[in-house]
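Following: one structure in structure tokens, then a few remarks.
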Amino acid sequence: MTNRDTPLLVANWKANLAPAEEVALAGQIATEATRRETKPGSLMIAPSTLGAVPVASLLAREHGSLQIGIAAQDVSALEPGAHTGEGPAPHLLGIARAVILGHSERRDLGETGALIGKKVARAVAAGLSPIVCVGDRDREATTEQRCDEVRAQWHELMESAVQSGSSLAALIDVGVFIAYEPVWAIGSGDAADPELAGRVAAALRGLITDEVKVLYGGSVRAERASSFFAGGGAARLDGLLVGGASLSSESLLDISTALGTSR
Ligand code: PGA
């Protein structure tokens, strides 16, 4: 989906905007990205469920050369059928190529590792790249404790994904991303120390495979964005998942510029 040298910037718009506002913002981002000569394929937008279709069609119709990807913010754990209100993974094909799963804001609404694992399996079976979020909750924890917590989250959801017929090889094949999102950093204005993010990335690689792509998320701003890419080896990061700062074309593209994927 992205080569190792091109950091991926994922804009998670959450439920902040109505679909018409999302279409307008996508247009502004595309215009700004064109102006700044943003590297094709380096941006991904996760609009709301209702906004995904109009945003995807605007970007494909008018700004195809930027190759801005679309990620869904959730997917059903069920297959297509008589399930009122659900959004099954195969229905996203042609609209999204990835899906954010296991975000702490969804865990706060009651999603368990078991449910997240089922969703991961559905996404992978449909050929969508899961962006699987894991994150520790205690700002004061030691690095060891944080690593234990994210490892436990990963094990729990993977066990469920495997029970649902998926496998680690299938996840890797489809281009899984793991997003390390310390819960205390999300929306706080206070990002984690990039070195800490690198240590957790290394722990995740040690657990899964060196090949896995790891993103960082939690109060990313342009000023510190590049410092997340100082770490090399197993501590390297492959991109950023951005919430608040992705709600303006200027601040999102400032982050892209800081990463070297825009002028
Ligand atoms: P934030 O959100 O950038 O607003 O902290 C990040 C996220 O929740 O993915």
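The values are calculated or read from the model by the stated rules, or taken from the named source; none is laboratory data. As the structure is a prediction and not an experimental result, all values here were calculated from the model. Every residue, glycine among them, receives a Cβ derived from its backbone with ideal geometry; neighbour counts consider all protein chains shown. Protein only, heavy atoms only, side chains kept; ligands, DNA and RNA dropped before computing areas. Shrake-Rupley method; radii C 1.70, N 1.55, O 1.52, S 1.80 Å.
General remarks:
- Close amide H contacts of LEU8 (hydrogens built in the peptide plane, cut-off under 5 Å, sequence separation of 5 or more or a different chain): GLY239, LEU240.
- The alpha carbon centroids of segment 162-177 and segment 117-150 are separated by 14 Å.
- The aspartates and glutamates within cross-link reach of LYS213, meaning a Cα-to-Cα straight distance under 18 Å and a gap of 8 or more places when in the same chain, are ASP5, ASP173, GLU181, GLU195, ASP238.
- Rel. contact order, % - alpha carbon contacts under 8 angstrom, at least six apart, the chain: 21
- The trypsin sites (Lys or Arg not before Pro) found in segment 1-52 that occupy coil by DSSP, while having at most 13 further C-beta atoms within 10 Å, are ARG4.
- Debye intensity ratio I(q)/I(0), log10, segment 11-71, q values 0.12, 0.18, 0.25 Å⁻¹ (C-alpha model): -0.23, -0.53, -1.01
- Within segment 132-164, backbone nitrogen closer than 15 Å to the virtual label 7 Å beyond the Cα of ARG224 toward Cβ: 139-140
- One way to sum up the overall shape of the chain is the equivalent ellipsoid from its Cα gyration tensor, whose semi-axes run 25, 24, 16 Å, largest first.
- For segment 1-116, the spread of Cα positions along the three principal axes, ordered from largest to smallest, is 43, 31, 24 Å.
- log₁₀ of I(q)/I(0) at q = 0.11, 0.16, 0.18, 0.22 Å⁻¹ - segment 56-155, Debye sum with one point per alpha carbon: -0.41, -0.75, -0.88, -1.09
- Solvent exposure of the chain, expressed per residue, is 42 Å² of accessible area, with all protein chains present and a 1.4 angstrom probe.
- A crude spin-label estimate for the pair HIS83 and ALA152, with each label 7 Å from Cα along the Cβ direction, gives 2.8 nm.
- Summarising the amide proton neighbourhood of ASP74: residues at separation of 5 or more, or on other chains, whose placed amide H is nearer than 5 Å comprise ILE100.
- Between ALA15 and LEU109, residue separation times 0.36 nm minus the direct Cα-Cα distance comes to 32.5 nm.
- By the compact-protein rule of thumb, 2.2 N^0.38 Å, the alpha-carbon radius of gyration of segment 139-193 corresponds to a ratio of 1.39.
- Normalised radius of gyration (Cα atoms, divided by 2.2 N^0.38 Å) for segment 134-259: 1.06.
- Estimated FRET transfer efficiency (ALA125, LEU207; beta-carbon r; R0 35 Å; 0.05): 0.90
- Here the accessible area of segment 8-259 is 52 percent carbon and sulfur, with a 1.4 angstrom probe and all protein chains present.
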